[in-house]
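Notes to accompany the following structure.
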Amino acid sequence: MRPIRIIFFITALLVGMNITALALQITQIEFDLHLAPGASNTYTFQVINNESDPQNVTVYIGDWTRTESGENDFLTLDSARWLFTREFKQGDELDIKYRVTLPNDSITVSGAYACGSPSSQGQIEGEAHLLSAANNIPAEQANGLVAITRTVLSTSEDGMVTVNLHIHALQDFGGLRIDEVFSSHVDIKSIDAAGGEFTTISRSCGDWIEASPQTFTIAAGATQPVSFRAVVPNSGLSGMYWAMIFVQGAPRPQQRQGATVLAIERFGVKVYETIPGSEELSGEVKSVRKVGNDPLTFNVTFANTGNVQLRPTGSINVISQDGDTVRTIAIDEFPLLPGRERVLSVADDSKSPLPAGIYRALVTIDYGGDNLAGGTRDFRLH
């Protein structure tokens, strides 16, 4: 498995500098822990600087998940995110509603937004202490591309709070990202995403992890150990939880397509924690669709309905009207986090096309449980 490396580029007016390749490395990219509730342990990995200059490094904890296509998706720790790819026109208004259970009023929330084009960033206005919010509507900021205000719609005795984010476009712009970040992990449910794509991590263990050192300067050619301590809460846990330890270098100039930019190199160390004896393996084929004829291609949607990560494999048998299996297409192993779905694009690599006729695609997925998951799709080839 390759290490996760993310490079961010920031345009900079820097000239006349000799740029070399970035070369931070880490010695371990994944930790698979099996600590019982109430247990703790300390683990260590190494950060290596293969360059001829020292580097300033920051270490911090974040959340992550995978998209339906299997790509890694990174979130701020203890946050919820809404993404809009639409165009906003001046005067547009819409409301996002979400529900969160707060165990006490010491948990606070802060929000930020970023517009895509033109680029703009800002803060969400509103109450930070939701349990003691006065339900007053904050004064709308008249500057910028958009104004976003947070208000509390209702609060129950058990700490369940319903929140509204009101979006008011002050100018035309395209694309919007909204992040609500809590001071510790809470359960966040989207009630109305207003057409945006909602993402949060319900099984984060980021609050259980503390890394040290959090900042350091690593000399040229040197190795720096980084330790992290995982402390698992005492009760109420089952299955797998996960987070990521980010190792990030300082911005450095680099040439890209004739321009000098600032590149930020960041590695991710995945941390999985599974509560021993509580594993539930369960999966379901949600749909099977034929999406191409040449080559014959299917989209298979598979859902992890259990509480631990699965690494399924499978196959698609193409069966003729006579009941003969005329093609067998392998589905390679893929990782899938609990509660997530994966859309698999599976293509027939045979060089001889099937003749016209009616066929059935029989999908079988082995996810490691007691039973196999399956699905079918009848289709016609002309």
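No lab work stands behind these numbers, since they all come straight from the coordinates. Note that the coordinates shown come from a computational prediction; the quantities given were computed from them, not determined experimentally. A quick note on method: Cβ atoms are made from the backbone with ideal geometry, for glycine too, and the neighbour counts reach across all protein chains shown.
Fully extending the segment from Ala219 to Val291 would add 20.6 nm, taking 0.36 nm per residue of separation and subtracting the current Cα-Cα distance. Does the chain come out rounded, prolate or oblate, given a ≥ b ≥ c as the square roots of the eigenvalues of its C-alpha gyration tensor, rounded meaning a/c under 1.5 and, failing that, prolate meaning a/b above b/c? Since a/c stays below 1.5, the shape of the chain is classed as rounded.
Let me have the relative contact order for region 95-191, percent, based on Cα pairs under 8 Å that are six or more residues apart. Reported relative contact order: 42 percent. Mean sequence separation of contacting Cα pairs (under 8 Å, at least six apart), scaled by the length of region 283-381, corresponds to a relative contact order of 32 percent. With the Cα gyration tensor of region 173-289 giving a ≥ b ≥ c as the square roots of its eigenvalues, does the rule (a/c under 1.5 for rounded; else a/b larger than b/c for prolate; else oblate) give rounded, prolate or oblate? Note, shape of region 173-289 comes out oblate.
Considering only Cα atoms, the convex hull volume of region 283-381 works out to 82 Å³ per residue. Rounded if a/c is under 1.5, else prolate if a/b is larger than b/c, else oblate: which is region 13-156, with a ≥ b ≥ c the root eigenvalues of its Cα gyration tensor? Oblate shape, in that a/c is at least 1.5 and b/c is the bigger or equal ratio. Working note: Karplus 6.51/-1.76/1.60 with θ = phi - 60° gives region 153-161 the couplings 8, 7, 9, 9, 5, 8, x, 7, 10 Hz, where Gly and Pro are set to x.
Report note on the peptides 317-328, 339-350: ranked by the mean count of other C-beta atoms within 10 Å, highest first, their order is 339-350, 317-328. Projecting the Cα positions of Ser320, Gly283, Ser345 onto the charge dipole of region 283-381 (unit charges on Cβ atoms of Lys, Arg, Asp and Glu, taken about the Cα centre) puts Ser345 furthest along the positive direction.
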